[in-house]
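Undergrad: Sending over a structure as structure tokens; questions will come in a sec.
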Amino acid sequence: MATRMMNVNAVLVAITLALLTCAPRCIYSDDQRLLVNMTLVRNASALEAFCLDGSLPAYHLHRGVGGGARNWLLQFEGGGWCNSKKSCLDRANTRRGSTLYMSKWEVFSGILSNNASLNPDFYNWNRVKLRYCDGASFAGDAVYKNGTSLLYFKGQKIWEAIILDLLPKGLGQARKALLSGSSAGGLSSFLHCNNFTKYLPSTASVKCLSDAGFFLDERDISSNHTMRSFVKDVVFLHGVEKNLDENCTASSLNFPELCFFPQYAMKFITPPFFILNSAYDVYQFHHILVPPSADPQGHWNRCKLNPAACNPQQLNALQEFRRSMIVAMGLSYKYSRRGGFFINSCFAHGQSESQDTWFAADSPRVHNRTIAEAVGDWYFNRRATREIDCPYPCVATCHNLIP
């Protein structure tokens, strides 16, 4: 009886410690999803670090425990870009441009999960989600005023304000750190990887990861540089150029905006870098390869919704796009032996925060390795991770759903 009471007490103590660690910043929903509360950066105004509409930036932090208490994973939120005053004014009145419209509780799943069976390598780390509200991948530094409208293009300052807020909370004493992000947030990882190391102890193991952020500088099906033109507008409007890597912009001569593209910036990144991407990334398929302007008659509409409906010419264009991505990535990794990549053939966009794709029984696999296993093996130097899937339609583990 005494032994049983001791076991019961031990369980109660463990539960109490877990609740104290979580409260008041997180709760569990009925289906055991981890929900983490928003933290506003109160001192952001001192740096003029504002969202598009002038609201304060924010993040969500779930504390690490045990052996992960001094390790940190920072995840940039994604959500596209705005490249004109009108599109940015519209964006400022949404959750993509203002914390006023954001959900105050965020689900932490996939790479952000605190469940060891769902996120075996990072579950007990300090995990942070940086909310995205500037429209230029946390890289701009400008203000727009026209007498009636005011827009803050302050992504760079938001990045700095969040980091400065986290340093005294333990980030400044990190032993291990991973800077990550998805989509436009994955691009942020490329843009801020070098800078991230400057805030951390010289003894820390610092690495970076991009999920669905390897946006290609590629011509569309009409042979136009639609994405390059879009990026040039973003860089100019938001004042991004001065925050791009100086070595990259110096090498790009009259086209500094090209350094917004990972394929040009990658060789100037010092810390080890991991690229997680689909070779048939849905966003890039729909906006870089076949943007609406290149298909006014909608000949690609059925193919865009279902790859099985693509005709032979369309499939050939997709395979050429895949080859371009692999070549661009290979050229980038010429400069880094410590890098890794996981390029699957799923028609997806963003796979690190979804539990289904990150680590589950039916998750996508390349050479029988899940994304979580590949990233963990790379980060902890267990084995080299440079996985490239066979081309569509050979893949059996992809769900091949186009969201």
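Undergrad: Would a scan of the range 152-167 turn up a residue that is part of a strand (DSSP E or B) and at pLDDT 95 or above?
TA: yes
Undergrad: For the list (1) touching a strand residue (DSSP E or B) at 6+ places or on another chain (Cβ under 6 Å); (2) open to solvent by 10 Å² or more (accessible area, probe 1.4 Å), I need the number of the one condition that L209 fails.
TA: The one condition L209 does not meet is (2).
Undergrad: Condition (residue is open to solvent by less than 60 Å² (accessible area, probe 1.4 Å), closer than 30 Å to N381 by Cβ, of a type in the set (A, V, I, L, M, F, W, C) and touching a helix residue (DSSP H, G or I) at 6+ places or on another chain (Cβ under 8 Å)) applied to the range 235-243: is it met by at least one residue?
TA: No, the range 235-243 contains no residue that is open to solvent by less than 60 Å² (accessible area, probe 1.4 Å), closer than 30 Å to N381 by Cβ, of a type in the set (A, V, I, L, M, F, W, C) and touching a helix residue (DSSP H, G or I) at 6+ places or on another chain (Cβ under 8 Å).
Undergrad: Report the residue count in the range 168-188 for those that are assigned to a helix (DSSP H, G or I) and either free of Cβ contacts under 8 Å to residues at least 60 places away in the same chain or not basic (K, R) (or both).
TA: 9
Undergrad: Please specify each residue of the range 164-189 satisfying the condition of being within 27 Å of H349 (Cβ to Cβ) and either open to solvent by 10 Å² or more (accessible area, probe 1.4 Å) or among the aliphatic types (A, V, I, L, M) (or both). Explain how you work it out, then say what you get.
TA: Filtering the range 164-189 down to residues within 27 Å of H349 (Cβ to Cβ) leaves 177-189.
Of everything in the range 164-189, those that are within 27 Å of H349 (Cβ to Cβ) and either open to solvent by 10 Å² or more (accessible area, probe 1.4 Å) or among the aliphatic types (A, V, I, L, M) (or both) turn out to be A177, L178, L179, S182, S183, A184, L187.
Undergrad: May I ask you to list the residues in the range 271-280 that are buried (at least 24 other Cβ atoms within 10 Å of the Cβ) and within 13 Å of F342 (Cβ to Cβ)?
TA: F273, I275, L276, N277, S278, A279
Undergrad: Determine which member of the set L191, L258, L200, L276 is in contact (Cβ under 8 Å) with a residue 24 or more places away in the chain, in contact with a Lys or Arg (Cβ under 9 Å, 6 or more places away or on another chain) and of a type outside the set (K, R).
TA: Details: L191 fails: in contact with a Lys or Arg (Cβ under 9 Å, 6 or more places away or on another chain); L200 fails: in contact with a Lys or Arg (Cβ under 9 Å, 6 or more places away or on another chain); L276 fails: in contact with a Lys or Arg (Cβ under 9 Å, 6 or more places away or on another chain).
Sole residue among the options that is in contact (Cβ under 8 Å) with a residue 24 or more places away in the chain, in contact with a Lys or Arg (Cβ under 9 Å, 6 or more places away or on another chain) and of a type outside the set (K, R): L258.
Undergrad: All but one of (1) assigned to a helix (DSSP H, G or I); (2) open to solvent by 20 Å² or more (accessible area, probe 1.4 Å); (3) not β-branched (V, I, T) hold for H349, so report the exception by its number.
TA: For H349, the failing item is (1).
Undergrad: Identify, by number, the condition in (1) in contact (Cβ under 8 Å) with a residue 12 or more places away in the chain; (2) more than 19 Å from the chain's Cα centre (by Cα); (3) more than 18 Å from F190 (Cβ to Cβ); (4) open to solvent by 20 Å² or more (accessible area, probe 1.4 Å) that L331 doesn't meet.
TA: Among (1) in contact (Cβ under 8 Å) with a residue 12 or more places away in the chain; (2) more than 19 Å from the chain's Cα centre (by Cα); (3) more than 18 Å from F190 (Cβ to Cβ); (4) open to solvent by 20 Å² or more (accessible area, probe 1.4 Å), L331 violates only (3).
Undergrad: Return the pairs, sorted by first residue and then second, in which the second residue is hydroxyl-bearing (S, T, Y), the first residue lies in the range 205-228 and is at positive phi, the beta carbons are less than 6 Å apart, and the residues are 6+ apart or on different chains.
TA: Listed by first residue and then by second, the contacts come to A212/S182; A212/S183.
Undergrad: Of all residues in the range 50-82, which are surrounded by fewer than 22 Cβ atoms within 10 Å (Cβ to Cβ), over 17 Å from the mean Cα position of the chain (by Cα) and within 11 Å of C133 (Cβ to Cβ)?
TA: Hits for the range 50-82 are D53, G54, S55, L56.
Undergrad: Out of the residues in the range 250-265 that are assigned to a helix (DSSP H, G or I) and open to solvent by 30 Å² or more (accessible area, probe 1.4 Å), which is farthest from F321 (Cα to Cα)?
TA: A250
Undergrad: Give the number of residues within the range 116-142 that are open to solvent by 10 Å² or more (accessible area, probe 1.4 Å) and in contact (Cβ under 8 Å) with a residue 24 or more places away in the chain.
TA: 8
Undergrad: Could you list all residues from the range 353-403 that are modelled with pLDDT of 95 or more, in a loop (DSSP other than H, G, I, E, B) and β-branched (V, I, T)?
TA: T370
Undergrad: Sticking with this one: When the residues of the range 316-328 are narrowed to those that are in contact (Cβ under 8 Å) with a residue 12 or more places away in the chain and more than 23 Å from the chain's Cα centre (by Cα), which ends up least open to solvent (accessible area, probe 1.4 Å)?
TA: So the residue we want is L318.
Undergrad: Out of curiosity, is C398 farther than 20 Å from G185 by Cα, in contact (Cβ under 8 Å) with a residue 40 or more places away in the chain and surrounded by 15 or more Cβ atoms within 10 Å (Cβ to Cβ)?
TA: Yes; evaluated as a whole, the condition is true for this residue.
The values are calculated or read from the model by the stated rules, or taken from the named source; none is laboratory data. Small disclaimer: the values here were computed from a predicted structure and weren't measured. No Cβ is skipped: glycine too gets one built from the backbone with ideal geometry, and neighbour counts run over all protein chains shown. With ligands, DNA and RNA removed, areas are computed over all heavy atoms of the protein, side chains included. Shrake-Rupley method; radii C 1.70, N 1.55, O 1.52, S 1.80 Å.
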